[in-house]
Amino acid sequence: MADIQFALFDTAIGRCGIAWAARGIVAIQLPLPSEAQTRGRLKQRYQALTEAIPPTHVQAAIDRMTELMEGKPIDLTGIDLDLADSSDFNREVYAIAREIPPGKTLTYGDIAKRLGGVELSRNVGQAMGQNPCPIIVPCHRVLAAGGKPGGFSANGGVETKLRMLAIEGAYVNYTPSLFD
């Protein structure tokens with residue numbers, strides 16, 4: 001993928017990164033402990049990346065994500081993504097996840113059933129772990145069986161996932177055990 005640009009932006013969960021190309025947004029980087037690490041992670045994914053002022057449509061996406069992370073029930077489904085580097089299966093998973101409204105959740109099994117059977121739950125979880133555009137593809141709204149948070153590959157892990165859900169007003173009936 002050539003000619004990818006990026007910018008950093010502030011949210012209630014920290015300083016995020018966004019990368020875009022001609023066909024849409026290609027990546028969102030959730031906050032890492034430092035701005036340099038957030039920038040570095042984006043550059044690790046796309047070597048030919050250049051920092052730039054976001055064009056109008058990207059700035060509009062940033063504004064909407066920022067509002068969502070402030071607790072406003074903002075719909076992000078209209079934001080154009082370029083998921084050409086994702087598999088067909090992952091794109092199907094992401095399309096279903098994008099339909100989950102703020103404050104609501106589905107389980108990996110719910111998505112798997114819509115794709116053909118609960119036996120695909122593990123594959124759905126793997127797709128969520130490979131999600132290049134968290135927040136816009138709200139993998140934080142996808143839970144494990146029994147309403148448990150499941151995994152979350154962003155910095156801070158499950159705590160970040162639960163924080164994002166709390167900001168959106170989602171109810172997660174989860175109390176960590178000694179072993180979580």
How high is the relative contact order of the range 1-96, in percent, with contacts defined as C-alpha pairs under 8 Å that are six or more residues apart? 28 percent
Determine ³J(HN,Hα), in whole Hz, for all residues of the range 33-41 in sequence, where each value follows from phi through the Karplus function 6.51 cos²θ - 1.76 cosθ + 1.60 and θ = phi - 60°; x replaces Gly and Pro. x, 9, 4, 5, 5, 4, 4, x, 5
Considering only Cα-Cα distances, which of the following residue pairs are longer than 26 Å: 113/161; 72/161; 43/161; 43/72? 43/72
In debye, nearest 20: dipole of the range 60-168 around its Cα centre with unit charges on the Cβ of K, R (+) and D, E (-)? 420 debye
Any chance you could list the semi-axes, whole Å, largest first, of the equivalent ellipsoid that the Cα gyration tensor gives for the chain, using √(5λ)? 26, 18, 15
Segments 4-17, 72-85 sorted - mean Cβ within 10 Å per residue, highest first: 4-17, 72-85
DSSP beta bridge pairing in the chain, given as percent antiparallel to the nearest 5: 65 percent
For the chain, what is the calculated [θ] at 222 nm in deg cm²/dmol (nearest 500), taking -39500 (n - 2.57) for each run of four or more DSSP H residues and dividing by its residue count? -10500 deg cm²/dmol
Place a +1 charge on the Cβ of each Lys and Arg in the range 1-69 and a -1 charge on the Cβ of each Asp and Glu, then give the dipole magnitude about the Cα centre in debye, rounded to the nearest 20. 240 debye
Fraction of the pair-distance distribution of the range 13-80 above 14 Å, Cα-Cα pairs, percent: 60 percent
Counting other C-beta atoms within 10 Å, and keeping those with at most 16, which DSSP coil trypsin sites (Lys or Arg not before Pro) do you find in the range 98-133? 104
Consider just the alpha-carbon atoms of the range 1-41 and return their Rg together with their Dmax, both in angstrom. 10.4, 31
Give me the 1.4 Å probe accessible area per residue for the chain, excluding ligands and nucleic acids, in Å². 50 Å²
Projected area averaged over all directions for the convex hull of the alpha carbon atoms of the range 81-177, nm², comes out at 6.0 nm²
Protection proxy (average C-beta count within 10 Å per residue), highest first, orders 153-162, 18-27, 134-143 as 134-143, 18-27, 153-162
For residue 107, list long-range residues whose amide hydrogen, built 1.01 Å from N in the peptide plane, is under 5 Å from its own amide hydrogen. 143
Search the structure for amide H atoms under 5 Å from the amide H of residue 81, placed 1.01 Å from N in the peptide plane, and list their residues when 5 or more places away or on another chain. 25
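The values are calculated or read from the model by the stated rules, or taken from the named source; none is laboratory data. Keep in mind it's a predicted model, so treat the numbers as computed, not measured. Reconstructed Cβ throughout: ideal geometry from the backbone, glycine too, with neighbour counts over all protein chains shown. Keep in mind that these areas ignore ligands, DNA and RNA; they rest on the heavy atoms of the full protein, side chains included. Shrake-Rupley method; radii C 1.70, N 1.55, O 1.52, S 1.80 Å.
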